[in-house]
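K.L.:
Quick one: this structure, given as structure tokens, is what I'll be asking you about.
The values are calculated or read from the model by the stated rules, or taken from the named source; none is laboratory data. The structure displayed is predicted, hence computed values, not measured ones. Cβ: placed from backbone, ideal geometry, glycine included. Neighbour counts: every protein chain shown. What goes into the accessible areas is simple: the full protein's heavy atoms, side chains included, and nothing from ligands, DNA or RNA. Shrake-Rupley method; radii C 1.70, N 1.55, O 1.52, S 1.80 Å.
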Amino acid sequence: MTLETISETPPGWAANCAFAPDALRGARLDMAVRAGLADSLTNIFDSLDPPGPADASRRAALLDRLAAGPVSPGLFAVYVDLVLAIFADRDRDAEALLDELLGPWPVSEGLRIVTLDDAELGHGQSARYQQLLSDDIACAIESLRPDALKAAAGRLTQGLDLLQAGAPDLFGEFRALVRQVVLVAPGAGPQGFTFGGASTFSLWGALVLNAEGFGDRLGIAVSLAHEAAHTH
């Protein structure tokens, strides 16, 4: 199934808000979101001066990349910043963001477990992730040290394994919707405030989890199911 067939399909499946998890529905949703992003980018490209051969090739490659399969949440983050810059008439910022958006984006294969680290997310992306999440998380978030990340990733994997074994349909939907789990530690915030996890449409495909709030593997599995439902 391609982006074209999804975008031309009557939107009946989009109204499927059944409670039961559905991996195919999750995959179709992801394809529809990517199709919408491709349409928006095409409108942006059409509003610009005709590109030279190099930029024309880069634009076509980006649209092809979106049609090919799931992409990094970081791509959506750059796109959001680009749109905000355009509407604010920040032309220089928009030019720089467009150049960043047209850079090579690797195929998103498997589930990546990372922290707020530009080495993992890309140059400047840690700050961008924090900014885009600021409305959803009422406190600062911080990266994990390497040893803490390794330990938290191991516990997260145990929760994922339990989810796959005990609720395979739910696990399938989770994998269709989530490509990147960002493990963080909570920073300063309102007294008594804690968060378990968060996601935002601006970082489509990313799920941010408070690693310090992890319970046992059952609690982690339940948290993953809860946050995947928010993404859906």
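K.L.:
Before we move on, is residue 175 basic (Lys, Arg), surrounded by fewer than 20 Cβ atoms within 10 Å (Cβ to Cβ), in contact (Cβ under 8 Å) with a residue 60 or more places away in the chain and within 26 Å of residue 18 (Cβ to Cβ)?
P.N.:
Yes: the conditions hold for residue 175.
K.L.:
Go through 163, 156, 116, 170 for me and flag whichever is open to solvent by less than 30 Å² (accessible area, probe 1.4 Å), farther than 18 Å from residue 73 by Cβ and in contact (Cβ under 8 Å) with a residue 60 or more places away in the chain.
P.N.:
One residue alone meets the criteria, 163.
K.L.:
Which is in contact with a Leu (Cβ under 7 Å, 6 or more places away or on another chain) and surrounded by 13 or more Cβ atoms within 10 Å (Cβ to Cβ), of 221, 148, 206?
P.N.:
One residue alone meets the criteria, 221.
K.L.:
Follow-up question, since we're still on this one. Among the residues of the range 119-132, are any farther than 22 Å from residue 71 by Cα and touching a strand residue (DSSP E or B) at 6+ places or on another chain (Cβ under 8 Å)?
P.N.:
So far as the range 119-132 goes, no, none of its residues is farther than 22 Å from residue 71 by Cα and touching a strand residue (DSSP E or B) at 6+ places or on another chain (Cβ under 8 Å).
K.L.:
May I ask you to say which residue of 196, 110, 124, 192 is touching a Ser or Thr at 6+ places or on another chain (Cβ under 7 Å) and either open to solvent by 30 Å² or more (accessible area, probe 1.4 Å) or at pLDDT 90 or above (or both)? Quick ask: steps written out before the conclusion?
P.N.:
On the way: 110 fails: touching a Ser or Thr at 6+ places or on another chain (Cβ under 7 Å); 124 fails: touching a Ser or Thr at 6+ places or on another chain (Cβ under 7 Å); 192 fails: touching a Ser or Thr at 6+ places or on another chain (Cβ under 7 Å).
Result: 196 is the single residue among 196, 110, 124, 192 that is touching a Ser or Thr at 6+ places or on another chain (Cβ under 7 Å) and either open to solvent by 30 Å² or more (accessible area, probe 1.4 Å) or at pLDDT 90 or above (or both).
K.L.:
Mind checking which residues of the range 70-127 are of a type in the set (Ser, Thr, Tyr) and not in a helix (DSSP H, G or I)?
P.N.:
Once the filter is applied, which keeps residues that are of a type in the set (Ser, Thr, Tyr) and not in a helix (DSSP H, G or I), the range 70-127 yields 72, 108, 115.
K.L.:
Might you let me know whether the range 142-161 holds any residue that is of a type in the set (Val, Ile, Thr) and at pLDDT 90 or above?
P.N.:
Yes, the range 142-161 contains a residue that is of a type in the set (Val, Ile, Thr) and at pLDDT 90 or above.
Yes/no matrix, rows are residues, columns are (1) in contact with a Phe, Trp or Tyr (Cβ under 7 Å, 6 or more places away or on another chain); (2) outside any helix (DSSP H, G or I); (3) within 16 Å of residue 27 (Cα to Cα):
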| position | (1), (2), (3) |
| --- | --- |
| 158 | no, no, no |
| 163 | yes, no, no |
| 171 | no, no, yes |
| 176 | no, no, yes |
| 181 | no, yes, no |
| 194 | no, yes, no |
| 207 | no, yes, no |
| 221 | no, no, no |
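K.L.:
Test residue 138 against the criterion of being open to solvent by 50 Å² or more (accessible area, probe 1.4 Å), among the aliphatic types (A, V, I, L, M) and without any contact (Cβ under 8 Å) to a residue 40 or more places away in the chain, and give yes or no.
P.N.:
Taking the combined requirement at face value, the residue does not satisfy it.
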